[in-house]
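Okay, so here's the structure we're looking at.
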Amino acid sequence: MKLQPADLEQVQKQAQGKTPGKNVYVETFGCQMNKSDSEHMLGLLSEIGYNQTGDLKDADLMILNTCAIREGAEDKVYSYLGAWRKVKELREGALIAVGGCVAQDAGKNLIKRAPYVDIVFGTHNLHRLPELVLKAKQDGERVVEIFQELPDELPELPVIRQSDFSAWISVIYGCDYNCTYCIVPYVRGREKSRSREEINQELKELAEAGYLEVTFLGQNVTAYGHDLDPQIHLGDIIRDAGKIEALKRIRFITGHPRDLNVEIIDAVKEVPSACDYFHLPIQAGDDRTLRRMARGHKVDFYRKVVEEIRNRIPDAAITTDLIVGFPGETQEEFLNTVRLVEELCFDSCNTAAYSPRPHTPSANWPDQIPEEEKYERLRYLNTVVSEVSHRRNKRYLGKTVEVLVEGPSARNPERLSGRTTTNKLVNFEKPELETDPDALTGKLVEVTIDSANPWALRGTLVNAPALAKV
Ligand code: SAH
Ligand code: SF4
Ligand code: F3S
């Protein structure tokens, strides 16, 4: 939420004559893991009486859950905090807390840079948040607490989910890889899986609460279970979830291609509710670059993984992440990445210009690529990515697909939007019915696809069981 001068006037008005209350506002940057953590922060704080507000101007506790993946994400943290400081000054007793990956890395230094911050906590001590807040309130002093690791016994965290039909379940924390560009292992620690029993319990509760979709989360979710005794794998919990009839869609993100074994692919194939969607970051389409990134596999290995998936599940969507301008990447090596996008016909790709990060080896390598060159490569790659995605999306023309409706379209509130099992965004006109068409939010409907662009599909609602019953 960006603040305008008029907002600050409103803060002053809203705050006048009020004693500090217990409204908490959380802003989340970064990956789904962070979004899920924010839901747990809200759950934890509700236990000491805090209610969520969607209005920063009304917040007694402002929490910024941060991401450190690229420099831009980190810069955003300090620019947001600068604006929040003004709110804090106008609202007596208001506190600012910073958590997440930047906080984990910066610790006390965050306070040096932003002395008006009251609480700094990391990625390994979410469960301590209520205590830290109470301490900051009681003592009126700054509280900084960072743990280097998760507790041996993973604490059970209460949760307030932001959706009532789609839920995230963190199943494995941390990452044991050491890709030479990546700060995640540093800020998220070693891999640690949650127990199968606990996950099953959560699945059961979600089904009872009416959730239709669950997404298993991990920085390296495909490694789930290797550290448990007995050792299990992601396919096992996909099959567990598949036995719960009320759960119609099961997803997982993000996996390392090296850990995606055939058992996992088979589980996706055989469990009807498992979505035929694989997000498998490759990062580069060039062997020398992959080696220098320490990804632990060659391009050919990845080709085989894609082949395995497409042999077993021909219509599966496969998406990836790509970094351009990695130190020392030649033009020819970059073009190998572009060629791989065309060859493997990804459904979509998240692309990024390499950003040097603290604590990562490649940040200190001498052969950094100039910014302009990185952005030139990024622009070129993006044009190819969108051509390929467009081609892939056109395969849906004329087909009728199942869509889980997420709500009004962000671009055009006259339309609803949702996703296919393959994670394609689908927009369609709201039906002209007497009942509230927004009642379709959180429902599975059928849509016939009429047009496709690189990022989304457009279609016509042909079947909406939810409305038919009204
Ligand atoms: N755990 C996931 C990725 C987590 S980070 C995995 O390994 O697949 C999400 C994405 O951010 C990465 O896939 C990578 O493409 C990108 N990324 C990570 N570090 C980066 C950096 N230093 N510069 C640019 N992009 C980066
Ligand atoms: Fe980062 Fe690599 Fe781990 Fe992914 S696998 S989180 S890119 S270190
Ligand atoms: Fe960012 Fe941390 Fe996720 S660095 S991508 S929020 S694990």
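Just so it is clear, none of the values below were taken in a lab; they were calculated from the coordinates. It should be emphasised that the depicted structure is a prediction, and the values quoted were computed from it without experimental measurement. Neighbour counts run over all protein chains shown; Cβ positions are idealised from the backbone, glycine included.
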Review point. Under 18 Å from a point 7 Å along the Cα-to-Cβ line of Gln162: which residues of region 405-434 have their amide N that close?
Key: 405-411, 417-419
Review point. Using 0.36 nm per residue, how much length does the chain from Glu141 to Gln32 gain when fully extended, once their Cα-Cα distance is taken away?
Key: 36.1 nm
Exercise for review: Express the relative contact order of the chain as a whole percentage, based on alpha carbon pairs under 8 Å and six or more residues apart in sequence.
Suggested key: 9
Review point. By a straight-distance test (C-alpha under 19 Å), which aspartates and glutamates pair with Lys192 as possible cross-link partners, with residues fewer than eight away in the same chain excluded?
Key: Asp37, Glu149, Asp152, Glu153, Glu156, Asp176, Glu202, Asp227, Asp229, Asp236, Asp259
Review point. So what's the gap between the Cα centers of region 176-244 and region 285-301, to the nearest angstrom?
Key: 26
Practice item. Return the tail of the calculated pair distribution for the chain, meaning the percent of Cα-Cα pairs more than 28 Å apart. Key: 57
Exercise for review: Along Cα→Cβ, 7 Å out, is where each label goes; now give me the distance between the ones at Arg310 and Glu198 in nm to one decimal.
Suggested key: 3.9
Study note, to complete from the structure: Expressed in nanometres to one decimal, the distance between label points 7 Å along Cα→Cβ at His390 and Tyr78 is 4.0
Practice item. Please report how many Lys pairs in region 354-470 have alpha carbons closer than 20 angstrom, counting only residues at least 8 apart along the chain or sitting on separate chains. Key: 8
Review point. Taking Lys86 as the anchor, which aspartates and glutamates have their alpha carbon closer than 17 Å to its alpha carbon, excluding any fewer than eight residues away along the same chain?
Key: Asp7, Glu9, Glu27, Asp55, Asp58, Asp60, Asp118
Exercise for review: Please arrange Asp367, Asp227, Asp236, Asp118 by counting, for each residue, the other beta carbons lying within 10 Å of its beta carbon, fewest first.
Suggested key: Asp367, Asp227, Asp236, Asp118
Point to revise | Mean ellipticity per residue at 222 nm, deg cm²/dmol - from DSSP H runs of n ≥ 4 across the chain, formula -39500 (n - 2.57) | key: -11000 deg cm²/dmol
Practice item. Under 22 Å Cα to Cα from Lys88, which lysines show up? Leave out anything in the same chain fewer than 8 places away. Key: Lys2, Lys13, Lys18, Lys22, Lys57, Lys76, Lys108, Lys112, Lys135, Lys137
Study note, to complete from the structure: When Met293, Met41, Met62 are ranked with the fewest other C-beta atoms within 10 Å first, the list becomes Met293, Met62, Met41
Check your understanding: How far apart, in nm, are two points set 7 Å out from the Cα along the Cα-to-Cβ line at Thr383 and at Glu47?
Key -> 5.5
